[in-house]
1. Scan the range 33-88 for residues that are of a type in the set (Asp, Glu) and without any contact (Cβ under 8 Å) to a residue 40 or more places away in the chain and jot them down.
2. List, please: which pairs have Cβ atoms under 7 Å, are six or more places apart or on different chains, and start with a residue in the range 1-22 that is more than 18 Å from GLU202 (Cβ to Cβ) and end with one that is assigned to a helix (DSSP H, G or I) and of a type in the set (S, T, N, Q)?
3. Just the residues that are open to solvent by 70 Å² or more (accessible area, probe 1.4 Å) and either touching a helix residue (DSSP H, G or I) at 6+ places or on another chain (Cβ under 9 Å) or in a helix (DSSP H, G or I) (or both), please, taken from the range 121-155.
4. Does TYR24 satisfy the condition of being within 26 Å of PHE165 (Cα to Cα), open to solvent by 20 Å² or more (accessible area, probe 1.4 Å) and not in a loop (DSSP other than H, G, I, E, B)?
5. Test TRP39 against the stated conditions and say whether it is under 18 Å from THR150 (Cβ atoms) and part of a helix (DSSP H, G or I).
6. Just a yes or no: is a residue in the range 56-64 buried (at least 18 other Cβ atoms within 10 Å of the Cβ) and either assigned to a loop (DSSP other than H, G, I, E, B) or not aromatic (Phe, Trp, Tyr) (or both)?
7. Here are LEU86, LEU71, LEU102: which of them is farther than 20 Å from ALA15 by Cβ, out of contact with any His (no Cβ under 8 Å at 6 or more places or on another chain) and not in a loop (DSSP other than H, G, I, E, B)?
8. So ALA15 passes all but one of these: (1) surrounded by 16 or more Cβ atoms within 10 Å (Cβ to Cβ); (2) not in a helix (DSSP H, G or I). Which condition number does it fail?
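The values are calculated or read from the model by the stated rules, or taken from the named source; none is laboratory data. Quick caveat, the model's predicted, so the values are computed rather than measured. Backbone-built Cβ (ideal geometry, glycine too); neighbour counts: all protein chains shown. For the accessible areas, the whole protein counts, side chains as well, though only heavy atoms, and no ligand, DNA or RNA atoms are used. Shrake-Rupley method; radii C 1.70, N 1.55, O 1.52, S 1.80 Å.
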Amino acid sequence: MTSYKVTYFPVKALAEPIRFLFSYAGVDFVDDRFDRENWPNLKSQMPFGQVPVLEVDGKKIHQSVAISRYLAKQFGLAGKDDWEALQIDAAVDTIHDLRAKLGAYHYETNTEVRDAKYEVLVKETLPYYLERLDAQVEKNGGYLVGGKLTWADLTFVALLDYLNFMAKFDLVEKYENLKQLRDKVLAEPKIKAWVDKRPASEC
């Protein structure tokens with residue numbers, strides 16, 4: 001039997017889509033969360049010095065999106081054909097583009113620059129992305145691609161706490177289709193069970 005271990009900081013953030021995939025599929029995994037002060041000691045043990053890292057039977061691999069795509073293929077959530085898989089990949093990359101825009105503001109250390117970035121983010125960037133994602137969900141019968149649950153939907157909802165933390169407000173509140181997608185994913189019994197038992201963290 002294959003063994004899986006997910007190593008990450010003690011937060012949801014980039015590891016949560018991976019945890020959602022395992023949970024949805026009902027596949028056991030070791031949820032290895034290390035204290036931040038231990039990171040300097042662990043960093044050299046990780047491929048390219050970064051996390052999250054997935055271990056499959058002791059073999060380590062990095063890059064959260066690649067890991068999620070691999071698991072989605074294993075668990076039947078990666079699309080029915082190459083075209084659908086491409087659409088899912090595009091949706092996931094767009095979600096991570098949105099995350100990067102939020103991160104550019106959130107991790108900015110210059111207060112003046114940070115404030116200026118936030119204004120552009122709230123007035124222009126976030127509405128641009130969220131309006132289009134909302135319309136995509138409406139067009140696809142309540143999901144991001146193909147009228148059914150895929151790893152793009154799990155990725156979006158799993159990252160939402162992290163995105164909201166960086167934005168400082170609920171991103172989907174004004175977007176009914178995205179709100180319904182979030183509620184639908186969180187109502188999935190195995191996802192709900194995971195969310196109920198996972199360690200509490202702010203993001």
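1. Scanning the range 33-88 gives ASP35, GLU37, ASP81, ASP82.
2. From residues that are more than 18 Å from GLU202 (Cβ to Cβ), the pairs are ILE18/SER64; ILE18/SER68; LEU21/SER68.
3. Within the range 121-155, LYS123, GLU124, TYR128, GLU131, ARG132, GLU138, LYS139 qualify.
4. yes
5. It is false that TRP39 is under 18 Å from THR150 (Cβ atoms) and part of a helix (DSSP H, G or I).
6. Yes, the range 56-64 has at least one match.
7. LEU86 is the lone residue from the list that is farther than 20 Å from ALA15 by Cβ, out of contact with any His (no Cβ under 8 Å at 6 or more places or on another chain) and not in a loop (DSSP other than H, G, I, E, B).
8. Evaluating ALA15 over (1) surrounded by 16 or more Cβ atoms within 10 Å (Cβ to Cβ); (2) not in a helix (DSSP H, G or I) leaves (2) as the failure.
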